[in-house]
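In what follows, a single structure is set out as structure tokens and then discussed.
The values are calculated or read from the model by the stated rules, or taken from the named source; none is laboratory data. Computed from a predicted structure; not experimentally measured. Cβ placement follows ideal geometry from the backbone for every residue including glycine, while neighbour counts extend to all protein chains displayed. Remember, those area values only see protein heavy atoms, side chains included, never the ligands or the DNA or RNA. Shrake-Rupley method; radii C 1.70, N 1.55, O 1.52, S 1.80 Å.
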Amino acid sequence: MTGEPLPGAAPGGVPGGVSGGVSGGVPDAAGAAVDPSSGTAASGAPPRRPIRELPDALVSQIAAGEVVERPASVVRELLDNALDAGARQVTLRLAAGGVRAIVVEDDGSGIARDDLPLAVRRHATSKIASLADLESVATMGFRGEALAAIASVAELAITSRTDDARHAWRLEAASGEIAPAARGRGTTVEVQELFFATPARRKFLKSDATELAHALEAVRRHALARPEVGFAVWHEGRLVAQWRPADAAIRRADVLGADFVAAGRTVAAQRGPLAVEGVAGAPEAARARADQQYLFVNGRFVRDRLLAHAVRAAYEDQLHGSRQPAYALFVSIAPELVDVNVHPTKIEVRFRDGRAVHQALQHAVQESLAPMRAALPCRVPDAGADAAATPGAVAPHGGVHGPALAAPAARTPWQPALALPEAAASFEARERGAVPWHAAAAGRNGSGSTGGSGGLEAWAALRAGPPGAADAGAAEPGRGEPGAQEAWPLGRALAQLGGAYILAENRHGLVVVDMHAAHERVVYEKLKAAAGGGALPSQPLLIPVSFAATAAEIATAEAEREALLELGLDVSALSATTLAVRSRPAALPQADPAELARSVLAELAQAETGGRSGVVQRARDELLATMACHGAVRANRRLTPEEMNALLREMEATERADTCNHGRPTWRQLTLKELDALFLRGR
């Protein structure tokens, strides 16, 4: 019946029984009547429109929506251009947070007169000329879109002068007029009335103070990446921020604050073509918000899930709750191994070998966080010569003046013995100098933590005194204790407080140790060393536990069977909709096998950056952390002085001993200067 008129239809194609409304209409391609004057389909279908090429002005405004989000976006793009031009001093002037005016002045190489009209045209750039240049781009900008996008949504003017020019030239982007101007070598870019051409976009901007804060953050990121360049920011005629050229360490302290740098750990590592350096904040300096996390790739600030995940994985068992680490890390890699042409804002990157980059960054940060804070130079405030131990505070050979320690209470059945009799005797022998330090320290492995099954049998090998402590004590009777305090970062145990804390004295003052948290970390690191990355022991189930599973869970169980077996989970398919768990980790006898399998399968299915090995490692560490928590000494357990000292020496030999597995601190230092202030006493 195609092409045949309907019964009773008029020659125009409209049924004869219908009058008005669509009079004179013609059917469209789908057969619906369309009003020629309005182009609207009678049936309510969307109108048919011909395909046409958009005007250049509209194309630029559409592209500007991707590049220019707020005044800070303009600041970022203009600073990129200034740095690419070799500027050594950049000055930013803002009005109304950058909404009314943004002026960027630099002393770079400048733009020649003949190149000024090209500078504001789309896809015109001096950074690249071929696909090979794009694949190995090393400049901050390269797309040739920024100035054209800014000119489409604001009033733009460029004044520039090169070395060989007699004077500067000024370009008005709207009219294209070029006129002589006065300024020194370099470029000045003026942006007035941002989004005047698109008022709807302007309504989405925040207050002037908020926009100023975002603009300052953009300058701060550039200042961190380029310490050799000076930056000054003016707002409404007032200087609000300034960073003079300096070395990297001084610039980081100026931008991030001296407290951030002092509480951070230096990161410096080389892994093949990739180098990582910067500062990683100590776990105890973690913040509630992720507002001090700076990642740079070849000098470019980026927001990359791969890199952020790698850093977070390095802090995995050292952060408490949902605390966020603070860090400023700079990744250097060959330009051809990273793709920066991912997003118009150039804030995202993609690596050729993301897994290798992830592992290199994670290990670099882990290595910087491994040493104890007390063992690092200049980490604990030193009160100077007056910080020597108070005479008479500690008697020789571990005795304490004043009331004697309470006798050890009877141990409950689930509390492990903290020190074997022979270990205590060995400790006392070393106190008298009968056992040399090097013989006692021979049991330490290369990583600084002890091996073993996670029990405390190896403590005897770690209870030695520091080098020369015994000789110093023999040469000067009664002076052995201060010598030990100088060499032992956590000092010598004095007493136990509240059944949960150990009080110790070192050369800085008083050390307070949470004995359960500290012992938990020690046992955890021993268990990790003992596991050695192998499969965890499993417990076969007498009756397999089955549960309804989705198609995705069944596919994951079949594809990741080896990973599940490494975790002690034997999961196999019973039917197209059912999975069965035949074994579970021996360390979790009370865990629900079905729920445990579901959670592991979900993480394996969602793993992107860490891959299967990352999921297995995290799951294994969680199991070991649970074992360590149950195996650590409990509160209200009375310890002998030898046991307390043994725990302190073990902490000094254990990596990441500043925090427990859950991120809580294990010890705190109270200096003599702080104690004097409490009692209004001067020294």
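Just to confirm my filter: which strands (runs of 3 or more DSSP E) fall fully inside region 177-252 and include at least 1 residues that are touching a Gly at 6+ places or on another chain (Cβ under 7 Å)?
Numbers: elements: 178-181, 186-192, 230-235, 238-243.
Of the strands (runs of 3 or more DSSP E) lying wholly inside region 177-252, those with at least 1 residues that are touching a Gly at 6+ places or on another chain (Cβ under 7 Å) span 186-192, 238-243.
Can you tell me which residues in region 620-660 are farther than 19 Å from E316 by Cα and among the small types (G, A, S)?
Matches in region 620-660: G631, A632, A635, A646, A653.
Open to solvent by 50 Å² or more (accessible area, probe 1.4 Å), in contact (Cβ under 8 Å) with a residue 40 or more places away in the chain and within 21 Å of the chain's Cα centre (by Cα): which single residue out of R252, R226 fits that description?
R226 is the lone residue from the list that is open to solvent by 50 Å² or more (accessible area, probe 1.4 Å), in contact (Cβ under 8 Å) with a residue 40 or more places away in the chain and within 21 Å of the chain's Cα centre (by Cα).
Touching a Pro at 6+ places or on another chain (Cβ under 6 Å) and open to solvent by 30 Å² or more (accessible area, probe 1.4 Å): is that true of R584 in this structure?
Yes, satisfied.
Can you tell me which residue among G13, G17, G65 is open to solvent by less than 40 Å² (accessible area, probe 1.4 Å) and modelled with pLDDT under 90?
Criteria check complete, one pass: G65.
Quick one: Y524 ticks every box in (1) open to solvent by less than 70 Å² (accessible area, probe 1.4 Å); (2) more than 33 Å from the chain's Cα centre (by Cα) except a single one, so which number is it?
If we test Y524 against (1) open to solvent by less than 70 Å² (accessible area, probe 1.4 Å); (2) more than 33 Å from the chain's Cα centre (by Cα), just (2) comes out false.
I need a count of the residues in region 602-649 that are part of a helix (DSSP H, G or I), farther than 14 Å from N661 by Cβ, touching a Lys or Arg at 6+ places or on another chain (Cβ under 8 Å) and modelled with pLDDT under 80.
Number satisfying all stated conditions: 3.
So is T390 farther than 27 Å from G257 by Cα, modelled with pLDDT under 85 and surrounded by 16 or more Cβ atoms within 10 Å (Cβ to Cβ) or not?
no
What's the total number of residues in region 151-172 that are in contact with a Ser or Thr (Cβ under 9 Å, 6 or more places away or on another chain) and aliphatic (A, V, I, L, M)?
So the count comes out to 6.
Can we say A280 is touching a strand residue (DSSP E or B) at 6+ places or on another chain (Cβ under 6 Å) and under 17 Å from A364 (Cα atoms)?
yes
Filter region 286-305 down to residues that are over 12 Å from the mean Cα position of the chain (by Cα) and under 24 Å from G354 (Cα atoms) and give me whichever is most open to solvent (accessible area, probe 1.4 Å). Before you say what the answer is, go through the steps one by one.
Just the residues of region 286-305 that are over 12 Å from the mean Cα position of the chain (by Cα), to begin with: 288, 297-301.
Checking the rest, the ones that are also under 24 Å from G354 (Cα atoms) come to 297-301.
Numbers: V297: 6, N298: 62, G299: 29, R300: 17, F301: 31 Å².
Filtering first and then ranking leaves N298.
If I go through region 321-366 residue by residue, how many of them are in a loop (DSSP other than H, G, I, E, B), open to solvent by less than 50 Å² (accessible area, probe 1.4 Å), at pLDDT below 90 and small (G, A, S)?
1
So which residues in region 131-187 are within 39 Å of the chain's Cα centre (by Cα) and of a type in the set (V, I, T)?
Across region 131-187, the qualifying residues are V137, T139, I150, V153, I158, T187.
Which members of region 504-543 meet the condition of being free of Cβ contacts under 8 Å to residues at least 24 places away in the same chain and among the hydrophobic types (A, V, I, L, M, F, W, C)?
Within region 504-543, L542, I543 qualify.
Considering (1) over 30 Å from E603 (Cβ atoms); (2) open to solvent by less than 40 Å² (accessible area, probe 1.4 Å), say which one E674 fails and leave the rest.
Condition not satisfied by E674: (2).
Looking only at region 527-555, count how many residues are open to solvent by less than 30 Å² (accessible area, probe 1.4 Å) and at pLDDT 90 or above.
Qualifying residue count, region 527-555: 3.
Please find, within region 105-162, the residue that is modelled with the highest pLDDT out of those that are assigned to a loop (DSSP other than H, G, I, E, B) and acidic (D, E).
By that ranking, first place goes to D107.
Kindly indicate the residue of region 262-275 that is open to solvent by 50 Å² or more (accessible area, probe 1.4 Å) and either of a type outside the set (D, E, K, R) or within 18 Å of the chain's Cα centre (by Cα) (or both) and also modelled with the lowest pLDDT among those meeting that condition.
So, considering only residues that are open to solvent by 50 Å² or more (accessible area, probe 1.4 Å) and either of a type outside the set (D, E, K, R) or within 18 Å of the chain's Cα centre (by Cα) (or both), the one modelled with the lowest pLDDT is G272.
With the requirement that a residue be within 25 Å of P227 (Cα to Cα) and surrounded by 18 or more Cβ atoms within 10 Å (Cβ to Cβ), what does region 306-320 give you?
L307, V311
Kindly provide the set of residues from region 505-544 that are charged (D, E, K, R), farther than 26 Å from L494 by Cβ and touching a helix residue (DSSP H, G or I) at 6+ places or on another chain (Cβ under 7 Å), ordered by number.
Within region 505-544, just K528 meets the criteria.
Only one of T40, T2 is more than 59 Å from the chain's Cα centre (by Cα), of a type in the set (S, T, N, Q), at pLDDT below 75 and more than 30 Å from I150 (Cβ to Cβ). Can you tell me which?
Being more than 59 Å from the chain's Cα centre (by Cα), of a type in the set (S, T, N, Q), at pLDDT below 75 and more than 30 Å from I150 (Cβ to Cβ) holds for just one of T40, T2, which is T2.
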